[in-house]
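Quick notes on the structure that follows.
The values are calculated or read from the model by the stated rules, or taken from the named source; none is laboratory data. A quick note: this is a predicted structure, and the numbers were derived from the prediction, not measured. Every residue, glycine among them, receives a Cβ derived from its backbone with ideal geometry; neighbour counts consider all protein chains shown.
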2 protein chains.
Amino acid sequence: MGLLVVGSIALDSVITPFGETADALGGAAVFFAMAGAVLHPVQVVGVVGSDFPEAHLKALAARGVDLAGVERQTGESFRWKARYSYDLNSRETLETRLGVFADFRPRIPEQFRKARFVFLGNIDPELQLSVLDQVQDPTLVACDTMNYWIQLKRDVLLELLRHIDILMVNDSEARELSGDWNIYRAARWILSRGPKMAVIKQGEHGALLVDADTTFKVPAYPLQEVFDPTGAGDAFAGGFMAHVARTGDLSFANLRRAMVYGSAMGSLAVEAFGVQRLEQVALPEVRARVRAFRDLVHFALDGEDE
Amino acid sequence: MGLLVVGSIALDSVITPFGETADALGGAAVFFAMAGAVLHPVQVVGVVGSDFPEAHLKALAARGVDLAGVERQTGESFRWKARYSYDLNSRETLETRLGVFADFRPRIPEQFRKARFVFLGNIDPELQLSVLDQVQDPTLVACDTMNYWIQLKRDVLLELLRHIDILMVNDSEARELSGDWNIYRAARWILSRGPKMAVIKQGEHGALLVDADTTFKVPAYPLQEVFDPTGAGDAFAGGFMAHVARTGDLSFANLRRAMVYGSAMGSLAVEAFGVQRLEQVALPEVRARVRAFRDLVHFALDGEDE
């Protein structure tokens, strides 16, 4: 069952207390695909410039990512440069050069249009809507966004919410969108605007899945060393959606597992710069981390409690 | 098996966005005892002034709290006044009047000295050490502290760490004490100084239990309304220690349950001003919340994952 992601493909330059990278493979669609492909084939729609290294695309193809939807256009690739604080909890964007990404108009190749599972990475909500016009009745559509669109294109974003199943955003975005600082009320507000579920990413504090009836929480994995938080949210989304696509099971029990697969991928992503760790990780290692999440949070009630 | 708490008994005046209280029953030992007493009898050692309302002490006695260790001294009771921010995530202390608490010297009554379980609330670490001199070989000693003592009495505090089983502090205190911003490394540092376990309270992000081999995480309960965060950490400690005292079981599986009982008590505490909610709550309601925590975090592996 096809899994499609539409989003940015970038050259990232990142400075952390542990080192720096220049023009490394990055972007939301890339982190999503690198993480998801460990579990299930991923189809990517995006754009790169004439300067985009062929080796980067080969790295994705080597993971079984289908790049038939990646257009190469004349001009510069999307470049993003940022510096993280000493504790990695905040970052400063030093430079954003959109290049060919400024005029990105997603065109979904014929063979991708029947994808059952669709992830709309963080792009202009008008473009996200245009993707939904091109795909044929997918089973599950999840969507990311950012503060920029919440402020500048709120009406289009609200229209988009009526057509998606899961809004997958970070906590500050959920707060800004809903106007409510309580994250559980913010999630309820999101559900009231259309999506069946809200997934709220909370960085070092994990992630929440909220639907009409229940709330499920996965804490972050206890890492003593984090090297580069870039792309953790998109790696999470890739793990989540690929687990659902692989199993084809939309039960809440399985969506809980998807949350844990997403969290496992997010935690692996931050253990090295860029996609380095995701590029190498094998399925048994991912499964071992999923079991480690169980050990982290599970407890047994005693007889009295039941 | 006796459960002893030594700590402050106060008159709290608290302003939140939802209202305010004046001279309400408060203090670390009080929140601990009110929460713990739902599960197991609690013995309190503390001091009150001549102005301390008899009705407040009766409220504790009505919960089965043993007040034989509460001295009444001539002078003013300990008063604390604070205002919380609109989102309750920060607070400003408006006034601290130590009164008779300034000269508090814990005297453990004869009948409390065989307590198997001891909680040293946040007081001068020299006084915490003096309590350990007075009790007879307890099974489990847990201890709180605060930034003030970490800065002013670091050496005494480090000496104290050699004599306790669990250090139970919030994340900023763990960071300050260890000098490490990574909370998992900070916990390891604490273990290296003596305690067998570190419990790190993370406020709206839950709590961690770390020992030499494992890490256990309980997220915070998803509350859409929080009225007053005062005392949540001490209510947590009360629930944790009282569960251990009630069961007498120090296995890691049972300490995980203790973490959940603590979290349940902390989440109940913040649902009303001061001790109002803890004062009323019955055991079945606490057990229901413990089960709700299980529903919040548990997930089943599928066949492939095992």
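Is segment A:104-118 home to any residue that is surrounded by 15 or more Cβ atoms within 10 Å (Cβ to Cβ) and either at pLDDT below 95 or part of a helix (DSSP H, G or I) (or both)? The answer is yes; a qualifying residue exists.
Does A:L268 meet the test of being closer than 24 Å to A:I15 by Cα and either of a type outside the set (F, W, Y) or crowded, with 20+ Cβ neighbours inside 10 Å (or both)? Against the criterion (closer than 24 Å to A:I15 by Cα and either of a type outside the set (F, W, Y) or crowded, with 20+ Cβ neighbours inside 10 Å (or both)), A:L268 qualifies.
The residue list B:E126, B:E20, B:E110, B:E76 contains one member that is out of contact with any Phe, Trp or Tyr (no Cβ under 7 Å at 6 or more places or on another chain) and under 29 Å from B:A282 (Cα atoms), which is B:E20.
Restricting attention to segment A:139-183, the residues that are assigned to a loop (DSSP other than H, G, I, E, B) and either surrounded by fewer than 19 Cβ atoms within 10 Å (Cβ to Cβ) or in contact (Cβ under 8 Å) with a residue 40 or more places away in the chain (or both) total 11.
The set of residues in segment B:74-89 being exposed (fewer than 15 other Cβ atoms within 10 Å of the Cβ), within 14 Å of chain A (Cβ to nearest Cβ) and over 19 Å from the mean Cα position of the chain (by Cα) consists of B:S85, B:Y86, B:D87. Checked against the criteria, B:M241 counts as aliphatic (A, V, I, L, M) and more than 14 Å from chain A (Cβ to nearest Cβ).
Residue pairs whose Cβ atoms lie under 7 Å apart, separated by 6 or more positions or on different chains, with the first residue in segment A:208-232 and away from chain B (no Cβ under 12 Å) and in contact (Cβ under 8 Å) with a residue 40 or more places away in the chain and the second crowded, with 22+ Cβ neighbours inside 10 Å and charged (D, E, K, R), are A:T230/A:D12.
Filtered by the rule that a residue be more than 11 Å from every other protein chain (Cβ to nearest Cβ) and either assigned to a helix (DSSP H, G or I) or within 23 Å of A:L208 (Cα to Cα) (or both), segment B:249-279 gives B:G262, B:M265, B:G266, B:S267, B:L268, B:A269, B:V270, B:E271, B:Q276, B:R277, B:L278, B:E279. Could you count how many residues in segment B:152-189 are of a type in the set (V, I, T) and within 14 Å of chain A (Cβ to nearest Cβ)? Within segment B:152-189, residues that are of a type in the set (V, I, T) and within 14 Å of chain A (Cβ to nearest Cβ) number 1. Somewhere in segment B:208-224, is a residue over 26 Å from B:L177 (Cβ atoms) and either of a type in the set (A, V, I, L, M, F, W, C) or assigned to a strand (DSSP E or B) (or both)? Within segment B:208-224, one or more residues are over 26 Å from B:L177 (Cβ atoms) and either of a type in the set (A, V, I, L, M, F, W, C) or assigned to a strand (DSSP E or B) (or both). For segment A:280-298, the criterion of being within 12 Å of another protein chain (Cβ to nearest Cβ), over 17 Å from A:L39 (Cβ atoms) and acidic (D, E) is met by at least one residue. Scanning segment B:216-253 for residues that are surrounded by fewer than 18 Cβ atoms within 10 Å (Cβ to Cβ), of a type in the set (D, E, K, R) and at pLDDT below 95 gives a single hit, B:E225.
Just one of (1) surrounded by fewer than 20 Cβ atoms within 10 Å (Cβ to Cβ); (2) in a loop (DSSP other than H, G, I, E, B) fails for A:I123. It is (1).
Take the conditions under 28 Å from B:R294 (Cβ atoms), touching a helix residue (DSSP H, G or I) at 6+ places or on another chain (Cβ under 9 Å), touching a residue at least 12 places away in the same chain (Cβ under 8 Å) and crowded, with 24+ Cβ neighbours inside 10 Å and apply them to A:H205. Does it pass? No, not satisfied. In the set (1) aliphatic (A, V, I, L, M); (2) touching a strand residue (DSSP E or B) at 6+ places or on another chain (Cβ under 9 Å); (3) surrounded by 16 or more Cβ atoms within 10 Å (Cβ to Cβ), the condition left unmet by A:A35 is number (2).
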